[in-house]
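Structure first, then comments.
The values are calculated or read from the model by the stated rules, or taken from the named source; none is laboratory data. Just so it is clear, the model here is predicted, and its values are computed rather than measured. Glycine also receives a Cβ, built like all others from the backbone with ideal geometry; neighbour counts cover every protein chain displayed. Protein only, heavy atoms only, side chains kept; ligands, DNA and RNA dropped before computing areas. Shrake-Rupley method; radii C 1.70, N 1.55, O 1.52, S 1.80 Å.
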Amino acid sequence: MAGGVSTKPPANPEGPGTGFFITFEGPEGSGKSVQSRALAAFLEARGYDVLWTREPGGTEMGRQVRQVLFEYGDVLDPWAEVFLFLADRAQHVNSLIRPALAQGKVVICDRYTDSTLAYQGYGRGLDVAQLRMLNHLATGGLVPHLTLLLDVDVETGLRRRAGTGGLNSFDARALAFHQRVREGYLRMAAEEPDRWVVISTAGSVDEVQARIQEVVLARLNGPR
Ligand code: TYD
């Protein structure tokens, strides 16, 4: 697999030159963006070569897709919505994430394939097995080495989100939708415990960050 990257964690057939792929997932208001950026700064200060990125909108093309997603919001056909997220993802993985991993970087991505399973699958009710297959096509099978689920109860999360710039069109969906999203996340984490770590968001930003750093350093220093 010369020039490629590991697709199945924790195997790392490329050896020490290959990067490490971390994704952040969680319901609205879980603090993913703040925490994932803080982790990137922490690892950079420790000498790691880090790429922080996000979905949707990690590339120039993806930023336009992101605008379409937010502009059309709830009027989007559910499958149209899926294919927009997947178009963003395919471009993102192939033009940014894979090259960074091939250069040995630690890639930190705020939302990835599991967001599609949680929101469009468990949340909107589309077939999860079909979505998994589409994710596989869009990413060429690139699976994160580590996925951190920042867990927060739905009402606390939505309240937090409302306090920082208001509700977007996704937030405005019914509470029941967000409950399904959260339950979907918890289920996926339980089904694949080698990849997922559930992080409690109770306490201060610094306390949550300390939990995250502990988990990530153990994985970066330990067997992959
Ligand atoms: P964003 O403003 O980036 O919010 P957050 O800080 O919660 O990530 O909005 C991204 C929204 O897109 C969020 O509501 C989750 C949703 N989303 C999906 O529904 N499916 C996906 O595959 C992805 C990547 C995001």
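Out of Gly121, Gly58, which single residue is small (Gly, Ala, Ser), within 13 Å of the ligand (Cβ to nearest atom) and farther than 26 Å from Asp194 by Cα? Steps first, please.
Working: Gly121 fails: farther than 26 Å from Asp194 by Cα.
Result: Gly58 is the single residue among Gly121, Gly58 that is small (Gly, Ala, Ser), within 13 Å of the ligand (Cβ to nearest atom) and farther than 26 Å from Asp194 by Cα.
Scan region 91-114 and tell me whether some residue there is more than 25 Å from Ala40 (Cα to Cα), outside any helix (DSSP H, G or I) and open to solvent by 70 Å² or more (accessible area, probe 1.4 Å).
If we filter region 91-114 for residues that are more than 25 Å from Ala40 (Cα to Cα), which is where we start, we get none.
No, every residue in region 91-114 fails to be more than 25 Å from Ala40 (Cα to Cα), outside any helix (DSSP H, G or I) and open to solvent by 70 Å² or more (accessible area, probe 1.4 Å).
Out of region 82-117, which residues are touching a Phe, Trp or Tyr at 6+ places or on another chain (Cβ under 8 Å) and at positive phi?
Listed by number, the list holds a single entry, Arg111.
Restricting attention to region 38-65, which residues are without any contact (Cβ under 8 Å) to a residue 40 or more places away in the chain and open to solvent by 20 Å² or more (accessible area, probe 1.4 Å)?
Residues satisfying the conditions are Ala41, Glu44, Ala45, Arg46, Gly47, Glu60, Met61, Arg63, Gln64.
Quick check: anything in region 42-64 among the small types (Gly, Ala, Ser), touching a Gly at 6+ places or on another chain (Cβ under 7 Å) and assigned to a loop (DSSP other than H, G, I, E, B)?
For region 42-64, residues among the small types (Gly, Ala, Ser), touching a Gly at 6+ places or on another chain (Cβ under 7 Å) and assigned to a loop (DSSP other than H, G, I, E, B): absent.
Can you tell me which of (1) farther than 24 Å from Gln67 by Cβ; (2) surrounded by 17 or more Cβ atoms within 10 Å (Cβ to Cβ); (3) small (Gly, Ala, Ser) is the one Ala138 doesn't meet?
(1)
Are there any pairs with C-beta distances below 6 angstrom linking a residue in region 95-119 that is closer than 14 Å to Gly58 by Cβ to a residue that is in a helix (DSSP H, G or I) and among the β-branched types (Val, Ile, Thr), with the two at least 6 apart or on different chains, and if so which?
From region 95-119, the pairs are Val107/Ile97.
Inside region 174-200, can you point out the residues that are part of a helix (DSSP H, G or I), hydrophobic (A, V, I, L, M, F, W, C) and under 20 Å from Gly31 (Cα atoms)?
Leu175, Phe177, Val181, Leu186, Met188, Ala189
Per-residue answers, yes or no, for (1) away from the ligand (no atom under 12 Å from the Cβ); (2) over 15 Å from the mean Cα position of the chain (by Cα); (3) at pLDDT below 95:
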{"position": "Asp88", "(1), (2), (3)": "no, no, no"}
{"position": "Gln91", "(1), (2), (3)": "yes, yes, no"}
{"position": "Asn135", "(1), (2), (3)": "no, no, no"}
{"position": "Leu146", "(1), (2), (3)": "yes, no, no"}
{"position": "Arg161", "(1), (2), (3)": "no, yes, yes"}
{"position": "Thr164", "(1), (2), (3)": "no, yes, yes"}
{"position": "Ala172", "(1), (2), (3)": "no, yes, yes"}
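Could you list, in sequence order, all residues of region 115-134 that are open to solvent by 20 Å² or more (accessible area, probe 1.4 Å) and part of a helix (DSSP H, G or I)? Don't jump to the end; show me each part of the working.
Of the residues in region 115-134, the ones open to solvent by 20 Å² or more (accessible area, probe 1.4 Å) are 122, 124-130, 132-134.
If the condition is that a residue be open to solvent by 20 Å² or more (accessible area, probe 1.4 Å) and part of a helix (DSSP H, G or I), then Tyr122, Val128, Ala129, Gln130, Arg132, Met133, Leu134 are the ones that fit.
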